[in-house]
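The values are calculated or read from the model by the stated rules, or taken from the named source; none is laboratory data. As the structure is a prediction and not an experimental result, all values here were calculated from the model. FYI the Cβ positions are ideal-geometry reconstructions off the backbone, even for glycines, and counts take in every protein chain you see.
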Amino acid sequence: MRRTLLALALLALAGAACAAAPADRFQKVADRLVAALNAGDGAAIQQDWADVMIKALPRDKSDAFFNGLTAQYGKIKSLDAPDLPQPATAVFAARFERGVLDLKLVLDDKDKVIGLWFLPHTPPVPVPERNATPLQLPFKDRWFVMWGGDTKELNQHHDNRGQRFAFDFIGIGPDGKTHKGDGLKNEDYYAFGREILAPADGVVTEAIEGVRDNVPGSMNGYAAVGNCVILQHAEHEVSVLAHFKLGSIRVKAGDKVKAGQVLGLCGNSGNSSEPHLHYHLQNTPVLQDGTGIKCFFRQVAVESKDGRKELKSDYSPVKGDRIESP
């Protein structure tokens with residue numbers, strides 16, 4: 001079978017579910033597909049396909065594809081536990097009689113297949129338990145931790161594999177509020193225009209620019225990270241800093257930066273309802289393939305309810321914290 005056929009996407013990616021789903025929903029569909037493929041049952045192979053999939057790859061083309069697949073690789077002996085890179089997507093290492101391929105499934109909200117690939121197998125990228133690179137907070141001044149922590153209650157990013165330990169930081173002013181005035185303009189927010197700093201030495205792998213800042217309350221899901229800097233500190237330690245102000249990024253791909261260097265200014269671009277900084281650490285510079293890493297900052301000044309500041313070392317902020325660099 002030709003490589004082009006092996007990498008064929010059976011293609012109907014409209015309408016993918018956005019809600020997070022447990023692995024077992026993918027496992028059931030994958031197990032039925034494997035049983036049907038091993039039995040050479042063309043009708044059963046399509047039993048879980050959405051109509052749009054069947055239209056994209058009707059029975060005669062489906063039979064030709066899967067007959068060619070089994071002729072080259074044999075039957076599937078087993079599937080490894082699925083990786084869930086996105087809420088509607090699962091990737092299984094499929095161990096055939098004559099090789100290993102990655103089986104990638106995309107399901108809609110009714111557990112029907114809307115995307116299916118057999119791809120060359122890619123071994124998983126190591127995921128450190130925590131950062132080895134010393135990190136400093138990527139800003140000065142006072143900030144409020146809107147989302148941060150290890151549970152869904154503390155962190156709305158929790159169910160996203162790459163962002164599971166992410167933070168959303170919102171700037172606060174001397175009055176303890178996030179904005180002045182009526183909050184209808186980005187300039188009303190204390191975070192807007194503040195300097196965003198490199199949390200450690202590293203190399204810029206991507207600098208995404210050209211995304212306009214939203215009007216507060218509006219969100220741009222089409223360019224979710226907005227203006228963004230991706231910074232590699234070590235082989236499997238990569239910082240993602242998102243939602244920079246339009247035109248403010250001061251680095252480009254390939255630049256070497258030092259801890260504390262200004263990367264740009266906080267903005268309200270991308271999937272952002274008000275000016276803030278999204279920050280997370282992941283194990284690869286390929287944004288969509290990353291797995292989140294829990295990160296601890298060397299020193300964080302945490303403000304108590306009575307206004308006193310406690311200096312904490314090797315600290316990972318949580319929702320509700322008021323923090324600043326010491």
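Report, ordered by the first and then the second residue, all pairs with beta carbons closer than 9 Å, sequence separation of six or more or different chains, a first member in the range 88-111 that is farther than 19 Å from Ala35 by Cβ, and a second member that is among the polar types (S, T, N, Q) and assigned to a strand (DSSP E or B).
Val106/Gln86; Val106/Thr89
May I ask you to list the residues in the range 183-207 that are among the hydroxyl-bearing types (Ser, Thr, Tyr) and surrounded by fewer than 22 Cβ atoms within 10 Å (Cβ to Cβ)? Don't jump to the end; show me each part of the working.
Step one: filter the range 183-207 for residues among the hydroxyl-bearing types (Ser, Thr, Tyr), giving 189-190, 205.
Within the range 183-207, just Thr205 meets the criteria.
Enumerate the pairs (first residue in the range 285-313 and farther than 15 Å from Pro126 by Cα and of a type in the set (Lys, Arg); second residue anywhere and modelled with pLDDT of 90 or more and in a loop (DSSP other than H, G, I, E, B)) with beta-carbon separation below 8 Å, excluding pairs fewer than 6 apart on the same chain, so at least 6 apart or on different chains.
From the range 285-313, the pairs are Arg298/Pro134; Arg298/Gln136.
Has the range 122-143 got at least one residue that is of a type in the set (Lys, Arg), in contact with a helix residue (DSSP H, G or I) (Cβ under 8 Å, 6 or more places away or on another chain) and in a loop (DSSP other than H, G, I, E, B)?
Within the range 122-143, the subset of a type in the set (Lys, Arg) is 130, 140, 142.
If we keep only those that are in contact with a helix residue (DSSP H, G or I) (Cβ under 8 Å, 6 or more places away or on another chain) as well, we get none.
There is no residue in the range 122-143 that is of a type in the set (Lys, Arg), in contact with a helix residue (DSSP H, G or I) (Cβ under 8 Å, 6 or more places away or on another chain) and in a loop (DSSP other than H, G, I, E, B).
Being surrounded by 15 or more Cβ atoms within 10 Å (Cβ to Cβ) and either under 22 Å from the mean Cα position of the chain (by Cα) or among the hydrophobic types (A, V, I, L, M, F, W, C) (or both) is the filter here, so list the residues in the range 137-153 that pass it.
Across the range 137-153, the qualifying residues are Leu137, Pro138, Phe139, Trp143, Phe144, Val145, Met146, Trp147, Gly148, Gly149.
Evaluate the following for Val302: is it β-branched (Val, Ile, Thr) and within 23 Å of the chain's Cα centre (by Cα)?
Values: β-branched (Val, Ile, Thr): yes; within 23 Å of the chain's Cα centre (by Cα): no.
The answer is no for Val302.
May I ask you to list the residues in the range 161-182 that are buried (at least 21 other Cβ atoms within 10 Å of the Cβ) and either in contact with a helix residue (DSSP H, G or I) (Cβ under 8 Å, 6 or more places away or on another chain) or assigned to a strand (DSSP E or B) (or both)?
Gly162, Phe167, Asp168, Phe169, Gly171, His179, listed by residue number.
Given the conditions (1) modelled with pLDDT of 95 or more; (2) within 17 Å of the chain's Cα centre (by Cα); (3) polar (S, T, N, Q); (4) within 27 Å of Ser248 (Cβ to Cβ), which single one is not true for Asn283?
(4)
Which of the strands (runs of 3 or more DSSP E) contained wholly in the range 217-326 include at least 1 residues that are farther than 22 Å from Thr151 by Cα and in contact with a helix residue (DSSP H, G or I) (Cβ under 7 Å, 6 or more places away or on another chain)?
Ranges flagged: 227-234.
Only one of (1) within 15 Å of the chain's Cα centre (by Cα); (2) under 22 Å from Leu184 (Cβ atoms) is not met by Gly217, so which one is it?
Of everything listed in (1) within 15 Å of the chain's Cα centre (by Cα); (2) under 22 Å from Leu184 (Cβ atoms), Gly217 misses just condition (1).
Just one of (1) in a loop (DSSP other than H, G, I, E, B); (2) under 25 Å from Leu246 (Cβ atoms); (3) free of Cβ contacts under 8 Å to residues at least 40 places away in the same chain trips up Pro199, so point out which.
(3)
Is it fair to say Gly193 is assigned by TED's automatic domain parsing to the domain that holds Lys305, in a loop (DSSP other than H, G, I, E, B) and modelled with pLDDT under 95? Outline the logic, then answer.
Details: assigned by TED's automatic domain parsing to the domain that holds Lys305: yes; in a loop (DSSP other than H, G, I, E, B): yes; modelled with pLDDT under 95: no.
Criteria not met by Gly193.
Can you name the helices (runs of 4 or more DSSP H) wholly within the range 23-81 that have at least 1 residues being closer than 24 Å to Thr122 by Cβ and free of Cβ contacts under 8 Å to residues at least 12 places away in the same chain?
Those helices (runs of 4 or more DSSP H) span 23-39.
Taking the range 203-216 as the region of interest, how many residues are assigned to a strand (DSSP E or B) and closer than 30 Å to His236 by Cβ?
Residues flagged as assigned to a strand (DSSP E or B) and closer than 30 Å to His236 by Cβ within the range 203-216 amount to 6.
Just checking, how many residues over the range 302-326 are more than 18 Å from Leu281 (Cα to Cα) and surrounded by 17 or more Cβ atoms within 10 Å (Cβ to Cβ)?
Residues in the range 302-326 being more than 18 Å from Leu281 (Cα to Cα) and surrounded by 17 or more Cβ atoms within 10 Å (Cβ to Cβ): 7 in total.
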